[in-house]
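Below is one structure, written out as structure tokens; comments come after it.
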Amino acid sequence: MNILILGSGGREYTLAWKIAQSKRLGNLYIAPGNAGTEEFGENIPLDILDFHQLSILIKEKNINTVVVGPEVPLVKGVQDYLKLSNPKVLCIGPSQKGALLEGSKAFAKEFMAKFDIPTAAYLEVTSQNLQAGIDHILATEGPIVLKADGLAAGKGVLIIEEKKEAITVLKEMIDGKFGLASEKVVIEEFLDGIEFSVFALSDGQSYKILPIAKDYKRIGEGDTGLNTGGMGAISPVPFVNDNLIEKVIDRIIEPTIKGIQEAKLDYIGFIFFGLILVKDDPFVIEYNCRLGDPETEAVIPRLENDLIQLFELIKDQKLQAAEISINPATAATVMLVSGGYPQKYTKGYEIQIPESGESLIIHAGTTYNQGRIVTNGGRVIAVTSLAATQREALNRSYQIAEKIEFEGKYYRHDIGFDLG
Ligand code: AMP
Ligand code: GLY
């Protein structure tokens, strides 16, 4: 099978690393990829939102399967486009309608209401019912959660303590604070609990659950400071016991899969359930139509199955037959970022990379400049280690993190701190 991975981060590096291990692989291409993905396949400089060029590339390289890493191409309809332009190609990623589960918070909330999936209570607000939104805020106790309906590069969720400020921000959002993405706003009840990430792979009919993870979104230790794309991840998550998994399956995953079929969302690929445990019960915070980053860097190394075999089963709609095998070890991922991230930072610093030993050094924001590997993003490199205990896995990742060098390097030293 010839495979093309779309994307350039740590998630896509990890997928390339995994796919390259399969005997079923013919050629692997990554578009655009990063300095590390070249180890596993050929990087192709391509604008992944240029679907026309993409379809030409697929024909030229005789690609059978496209694995879509990030959400934007899916929300913009890459799967639907390829269905027409390259009908024989398997796209791991949902249709544009399916991707609305991530691309529109209002759509996701309506979907959850319709299929009785536990989530925070909410109100949808536009310029048409702004006063209802203001009244809703005034009547709310506790923090106010405001979410831009559309994609806003991870910045569209605001949690505000003060009612007056929340009303001001609501107005700003509807007036275009996040462009068209916030013309519609979802006001949500604040849920107080601990978050975790569950991933399923679906062929549209059945699904398989992948390892469960927890990511660390804040820049600062102790979960403080600004939100980032993710500063680290742990898999498995000790508090997600069998009893909780059963609740997640019964109340969330099964009704979601049933809903996807009933609503004819044409959903093939990864489903990311961003969940929160409130007392003893799981609720959906968000759906994503892709794998998480950096969760993938912890989850995929624990998956023992051949990923291409799973893709083949998806193609035949026989995923039901797969037996998922998961390494019981704990994976600990630590993300090394550029100084200043998630705000302003400088790119182009040379990176010194040590021997990885038994750990995985995962390129995220890296590129080549005159033969040297240099920083090319906020999140630069992730280190994942597997070990019998979380402490040991973290120790190994931190030993490597310490040895990786680039100007302004920063990472959190407390990944997994709340998991014991
Ligand atoms: P989202 O982009 O929907 O994942 O939201 C970003 C982050 O905001 C989540 O990871 C949560 O930490 C937080 N968040 C979102 N919705 C809620 C909610 N209803 N209650 C509490 N925290 C929330
Ligand atoms: N780590 C969260 C995300 O990928 O959205």
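For this structure, a couple of remarks:
- Residue match in the stretch 215-229 (condition: hydrophobic (A, V, I, L, M, F, W, C), in contact (Cβ under 8 Å) with a residue 40 or more places away in the chain and either open to solvent by 80 Å² or more (accessible area, probe 1.4 Å) or more than 22 Å from residue 137 (Cα to Cα) (or both)): yes
- Beta carbons closer than 7 Å, at least 6 apart along the sequence or on distinct chains, pair a first residue in the stretch 182-205 that is free of Cβ contacts under 8 Å to residues at least 60 places away in the same chain and among the polar types (S, T, N, Q) with a second that is part of a strand (DSSP E or B) and open to solvent by less than 60 Å² (accessible area, probe 1.4 Å) for 182/148.
- Verdict on residue 32 being open to solvent by less than 60 Å² (accessible area, probe 1.4 Å), touching a strand residue (DSSP E or B) at 6+ places or on another chain (Cβ under 7 Å) and within 16 Å of ligand 2 (Cβ to nearest atom): no
- Residue in the stretch 231-252 that is under 21 Å from residue 101 (Cα atoms), within 16 Å of ligand 2 (Cβ to nearest atom) and surrounded by 16 or more Cβ atoms within 10 Å (Cβ to Cβ) present: no
- Which numbered condition residue 82 fails, given (1) open to solvent by 30 Å² or more (accessible area, probe 1.4 Å); (2) among the aliphatic types (A, V, I, L, M); (3) away from ligand 1 (no atom under 16 Å from the Cβ); (4) more than 30 Å from residue 372 (Cβ to Cβ): (1)
- The set of residues in the stretch 241-252 being touching a residue at least 24 places away in the same chain (Cβ under 8 Å) and more than 16 Å from ligand 1 (Cβ to nearest atom) consists of 244, 245, 247, 248, 249, 251.
- Residue check for residue 168: away from ligand 1 (no atom under 16 Å from the Cβ) and either free of Cβ contacts under 8 Å to residues at least 60 places away in the same chain or open to solvent by 10 Å² or more (accessible area, probe 1.4 Å) (or both): yes
- There is no residue in the stretch 281-290 that is within 16 Å of ligand 2 (Cβ to nearest atom), acidic (Asp, Glu), at pLDDT 95 or above and touching a helix residue (DSSP H, G or I) at 6+ places or on another chain (Cβ under 6 Å).
- Note on the stretch 257-292: residues that are in contact with a Pro (Cβ under 8 Å, 6 or more places away or on another chain) and either of a type in the set (D, E, K, R) or within 14 Å of ligand 1 (Cβ to nearest atom) (or both) total 9.
- Within the stretch 137-151, not a single residue is closer than 26 Å to residue 99 by Cα, open to solvent by 20 Å² or more (accessible area, probe 1.4 Å), assigned to a strand (DSSP E or B) and of a type outside the set (D, E, K, R).
- Search result, residues across the stretch 29-59 that are within 22 Å of the chain's Cα centre (by Cα) and in a strand (DSSP E or B): 29, 30, 31, 32, 43
The values are calculated or read from the model by the stated rules, or taken from the named source; none is laboratory data. The shown structure was predicted, so the numbers you read here are calculated from the model rather than taken from an experiment. Virtual Cβ from ideal backbone geometry, glycine too; neighbours counted across all protein chains shown. When the accessible area is computed, the model is the full protein with side chains, heavy atoms only, and any ligands, DNA or RNA have been set aside. Shrake-Rupley method; radii C 1.70, N 1.55, O 1.52, S 1.80 Å.
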